[in-house]
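Written below as structure tokens is the structure these notes are about.
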Amino acid sequence: MEFFKEIQSLKAFLSQKGNSISIGLVPTMGALHAGHLSLIEASKRENQLTVCSIFVNPAQFNNPKDLEKYPRTLNRDVEMLKNSGCDAVFAPDAKEMYESEPTIKFDFGELDKILEGKFRPGHFSGVALVVAKFFHIIKPTIAYFGQKDFQQFKIIERLVTELKFDLQLKSMPILREADGLAMSSRNMRLNETERKKATVFYQSLSEAKKLLNSGKKISQVRDIVKQKCESVDGIKLDYFELANVENLKPTESVTDKTILLIAGFVGEIRLIDNLLLNEN
Ligand code: PAF
């Protein structure tokens, strides 16, 4: 497996491979887990070359403490990627990606003001900026993202459409621990007690889905979920919403085109999760 820290050396490697090769890109912020490896596997199945980027992108953190505490496990990540058969890793430092403080800002209209956007202003502009840079540098045929960051995927779809990037996007299913907790790099920061408490988010989603399918109104379900989460010491709910899968606008009625989204804190650690109403 090749390892690059510099844009120019990565580009030189890719251009040696020629224009006709299909490239799968798995953009990550490191602290890899089985969810990331499932993206690598999908990319390997569908492309001739797989590149994984590892970059904790300062531009997408609205909270400096969150950036500082984000888990960084580069040596372990590189070992995992070697074992997964990934072809190349791109792990630049912040200066390589941002020569100076970025001035470009993206505005995705309502899509980046709701849900995560409401609680993390500027977050999606930072995500779009770094993802656009990766697309320019690597020119992937297919880029892979996890469904856990559902709103992020919608933002990137919009980015690709509006900037006419010539590539395909794939959203891959959430991988869960045995007790339902969605795999996330941030789970590494949970202590044993917090780790147990964190399951309340997936339990809430599953219970909400059952209640909605049995005819309860979303307003009632919202109250039940709020109560359930807030009865656990140390859990703070940011939002729980039923939304349309296309535009993420809140909706009252359940269809197979709706999704439940949840976000909140376990102690200091913020987690997100979601459940499509047409999946189990
Ligand atoms: O989902 C992530 O890990 C990040 O937001 C991404 C897409 C790698 C951009 O930094």
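The numbers here are math on the coordinates, done by the rules we state, and not lab data. The shown structure was predicted, so the numbers you read here are calculated from the model rather than taken from an experiment. Note that each Cβ is placed from the backbone with ideal geometry, even for glycine, and that neighbours are counted across all protein chains shown.
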With only helices counted (DSSP H, runs n ≥ 4, each -39500 (n - 2.57)), the per-residue ellipticity at 222 nm for the chain, to the nearest 500, works out to -11500 deg cm²/dmol
The stretch 44-157 shape via C-alpha gyration tensor axes, a/c threshold 1.5: prolate
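With viscosity set to 0.692 mPa s at 37 °C, what whole-number translational diffusion coefficient in µm²/s follows for the stretch 78-144 from Stokes-Einstein and a Kirkwood radius over Cα pairs?
Answer, rounded: 230 µm²/s.
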By average Cβ neighbour count within 10 Å, what is the ranking of 183-189, 269-275 from highest down? 269-275, 183-189
Determine the relative contact order of the chain: mean sequence separation of Cα pairs under 8 Å and six or more apart, normalised by residue count, in whole percent. 17 percent
In Hz, Karplus ³J(HN,Hα) per residue of the stretch 54-67 (6.51, -1.76, 1.60; θ = phi - 60°; x = Gly, Pro): 10, 7, 7, 7, x, 5, 9, 9, 8, 10, x, 5, 5, 4
When ranked by the protection proxy of mean other Cβ atoms within 10 Å per residue, highest first, what sequence do the peptides 142-149, 91-98 form? 142-149, 91-98
Could you tell me the relative contact order of the stretch 137-267? Use alpha-carbon pairs under 8 Å, at least six residues apart, and round to a whole percent. 19 percent
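Quick check: convex hull over the Cα atoms of the chain, volume per residue in Å³, rounded to an integer?
Taking only Cα atoms, the chain has a hull volume of 129 Å³ per residue.
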Dividing the mean separation of Cα pairs under 8 Å (6+ apart) by the residue count of the stretch 117-193 yields a relative contact order in percent of 28 percent
Using modelled amide H (1.01 Å from N, peptide plane; none on Pro or chain starts), what sits under 5 Å from the amide H of Val245, excluding residues fewer than 5 places away? Thr258, Ile259
